[in-house]
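Working notes, beginning with the structure itself.
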Amino acid sequence: MSEGKSTWIGRIATTTAVAAVSAGLLQAGEEGGYVGTDDEGHDTVCYEFLDHFSYDQYYYSADSQWTWNNDARVDDMDIAIFAGHGGAWGILGEDGDWVDLTSAGSSSDAGYGDDDCEFVAFESCKVVPSPLEYTNWYSNWTGSDGVFDGLHQALGFRTNSYQSTDQDVSDYFGKRVAAGDDIWCAWFDAINRKALSSEYGSAVMYPSADGDSYFSFIADPSPTHTSLKIYYQH
């Protein structure tokens, strides 16, 4: 990676065979933004991303959108972005409820990707840990109640993120996604160019999805897969 930040690629062993995938083309995407607070500027952070598209959803974030009603909200989108407070594998909604992403797929709506969602981005502190923070960075995403149920990529930060730059990151990310850049590369490029030097991104994904863009991506992974790859900045 450029501008002083480097990227490490990690793979985990799995007994689940990686199925052959065929290329898919996105003709008209669906974009959703979910705002974690009503008085800290997170609405602007979401909107700066959404403004690059004819977006479909723009809501204050609630637990249900990520859990038992996700098929009508997050998983009804092709790409979803959350802006608000977070921590390792979790986000705080405007409703005051903590969404535990390690168990958000436990309802009948399952996780993300079984309906529609390919990509989700968290403009929040520490939601996507790397191996530098947790040796076992992967199983919380793909456990029986995790959210990788056909999801291609989850993007976030392994460090704190700062509101002084969040809207600039989301704006540049949206610009690059709309231009057809590979999704995780667009995320890292936005962080490199617009975030503070102390902010470091991470991106976890199904291994064959690392070349996905918004307009060209692999077929959905099996919801039962346990194979992930991670890229992170350090």
| message | When you scan the range 44-56, do you find a residue that is touching a strand residue (DSSP E or B) at 6+ places or on another chain (Cβ under 6 Å) and in a strand (DSSP E or B), even just one? | response | no
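One line per residue, one yes/no per condition, for (1) touching a helix residue (DSSP H, G or I) at 6+ places or on another chain (Cβ under 7 Å); (2) more than 23 Å from SER103 (Cα to Cα); (3) at pLDDT below 95:
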position	(1), (2), (3)
GLN153	yes, no, no
ARG158	no, no, no
SER170	yes, yes, no
ILE191	yes, yes, no
LYS194	yes, yes, no
VAL204	yes, no, no
SER208	no, yes, no
LYS229	yes, no, no
| Single residue of the range 23-62 satisfying the filter (modelled with pLDDT under 95 and within 24 Å of ALA110 (Cα to Cα)) that is surrounded by the fewest Cβ atoms within 10 Å (Cβ to Cβ) | GLY24
| message | Yes or no: the range 180-198 includes at least one residue that is among the polar types (S, T, N, Q), assigned to a helix (DSSP H, G or I) and buried (at least 17 other Cβ atoms within 10 Å of the Cβ). | response | yes
| query | Got at least one residue in the range 107-130 being of a type in the set (Gly, Ala, Ser), more than 23 Å from PRO221 (Cβ to Cβ) and either modelled with pLDDT of 95 or more or not in a loop (DSSP other than H, G, I, E, B) (or both)? | reply | yes
| query | If a residue has to be aliphatic (A, V, I, L, M) and either at pLDDT below 95 or surrounded by fewer than 24 Cβ atoms within 10 Å (Cβ to Cβ) (or both) to count, how many in the range 63-98 make the cut? | reply | 3
| said: Which condition from (1) more than 22 Å from GLU31 (Cα to Cα); (2) in contact with a His (Cβ under 9 Å, 6 or more places away or on another chain) is the one that ALA178 breaks? | reply: (1)
| field | Considering residues of the range 134-173 that are hydrophobic (A, V, I, L, M, F, W, C) and not in a helix (DSSP H, G or I) only, the residue surrounded by the fewest Cβ atoms within 10 Å (Cβ to Cβ) | value | TRP137
| said: Would you confirm, using the coordinates I've provided, whether ASP71 is among the acidic types (Asp, Glu) and under 27 Å from THR165 (Cβ atoms)? | reply: no
| note | Condition set in contact with an Asp or Glu (Cβ under 8 Å, 6 or more places away or on another chain) and of a type outside the set (D, E, K, R), scope the range 210-229, selection nearest to ASP78 (Cα to Cα): answer is TYR214
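The values are calculated or read from the model by the stated rules, or taken from the named source; none is laboratory data. Being a predicted model, the structure only gives us computed values, none of them experimental. Every residue, glycine as well, gets a Cβ built from its backbone with ideal geometry; the counts of neighbours run over all protein chains shown.
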